[in-house]
C-alpha cells in the first residue's frame, strides 16, 4: 500500500513545462527543456510553427533554412548517386539535417555542441535487421539527451545498389522526428503509462504523436521537392502516414494486448477512435489538423520565449537518475542477438522498417 502511495506522489511531482511559441514579429527561437513537455503539447506547438504558413509568416531563420535546403537538395540531386556517395554525401546530409532542424524543430537538435544529435552515420545494416535507419540513444558526459542517427547506404542486402538522396533524406526526417520527441517529451511515470496513445510503444515509437508530427513535416515538404514528395507518397499510399510504421505499431500493441503485457505495465487503454475535438486528430488511417483552432490555442497558452543563449545545463530534468524522470532503457540493454530475433520475427510479417539496434557496426563521425 505504501509503495502505491509513493508511486502516486512521485507521478504527481512531475511538473510539465508550459507550451512555447514564436513571439509575433520576432525571430528568437523558443528554448526547449529536455524531457519537459507533454507529448501532445510538444506536437501542437511545434506543428503550429510551420504548418500551412506562408513564407512571410515564417520566422526569418525558417525562411533561410527552407531556401538553403531547396537549393542544396536540388543541386545535389543532379549529381549521380554513385558519385555523390563517393564525394559529398556525408557533408550534404549534415547540412540538410541542420536546415530541416532549423525549419521544423527550432534548431533544437543540431544548434550547438550540447544539442541532442551527436553523431550522423552512414552504414550497412545486417540483412536480418532490415532497417532503413535508426535513432539510438547514447551516453553523454553532460547528462543531456544524446542520439546517434544511422542511415542505410544500400537498397539491397549484398551492398550493390546505393540509396539515392531523396530516400536518404526521407529516412533522415523520420529519425529526426524520433529524436525530437524522445529528447523533449516528458518521461515521467504518468506520461509513460500513456505512451500507447502518444509517442508510441518502446520498441517501435510510431504512436499517434509521432505520426501526427511526421505527417505535418512531410505535407509541408511536399512543395519543396517533387522527388522527395514522391518518396513520401510511395511509403504511405498517398496518405503521408507511413505504412510500415503504422503496421509495426499496431502489431506491437496487439501482441502486448494478447500476452497481457499492457496490463502488467499499467498502460492506459489504447484509443482506436480519438476525440474529434483534438487540434491534431490522428487515427490509424487519417490525420486532420484544425489549423485555425491550433493557432489560437498555441497563441493563448504559449509561454514567453527564452533566448537560445540560455544555458541548457540549467535544467534539472535528468533521464537516468533523478525523481520521476526515469526512462526504461530496455532497448539499449537488450543484447543484440535477442533484439535481432525480435526484429526478424516482425520482419517475417513485413511489418517493421525502423528500430533502435544496439551495438551494430557503423561508419560516421561526430558532428
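Things worth noting here:
- Residue within segment 138-148 that is part of a strand (DSSP E or B), in contact with a helix residue (DSSP H, G or I) (Cβ under 7 Å, 6 or more places away or on another chain) and closer than 24 Å to residue 251 by Cα present: no
- If the condition is being under 12 Å from residue 245 (Cα atoms) and either under 9 Å from the mean Cα position of the chain (by Cα) or in a loop (DSSP other than H, G, I, E, B) (or both), then segment 200-210 contributes 200, 201, 203, 204, 205, 206, 207, 210.
- Cβ separations smaller than 7 Å between residues 6+ apart or across chains give the following pairs from segment 79-103 residues that are free of Cβ contacts under 8 Å to residues at least 40 places away in the same chain to residues that are part of a loop (DSSP other than H, G, I, E, B) and crowded, with 21+ Cβ neighbours inside 10 Å: 98/110.
- If the condition is being closer than 24 Å to residue 173 by Cβ, surrounded by fewer than 18 Cβ atoms within 10 Å (Cβ to Cβ) and in contact with a helix residue (DSSP H, G or I) (Cβ under 6 Å, 6 or more places away or on another chain), then segment 238-274 contributes no residue at all.
- In segment 130-148, residue surrounded by the fewest Cβ atoms within 10 Å (Cβ to Cβ) [restricted to those that are without any contact (Cβ under 8 Å) to a residue 40 or more places away in the chain and in contact with a strand residue (DSSP E or B) (Cβ under 9 Å, 6 or more places away or on another chain)]: 138
- Matching residues, segment 116-126, being buried (at least 21 other Cβ atoms within 10 Å of the Cβ) and not in a strand (DSSP E or B): 116, 125
- Take the conditions (1) part of a helix (DSSP H, G or I); (2) modelled with pLDDT of 90 or more; (3) touching a helix residue (DSSP H, G or I) at 6+ places or on another chain (Cβ under 7 Å); residue 10 misses just one of them, which is (2).
The values are calculated or read from the model by the stated rules, or taken from the named source; none is laboratory data. Quick caveat: nothing in here was measured; it's all calculated off a predicted structure. Cβ: placed from backbone, ideal geometry, glycine included. Neighbour counts: every protein chain shown.
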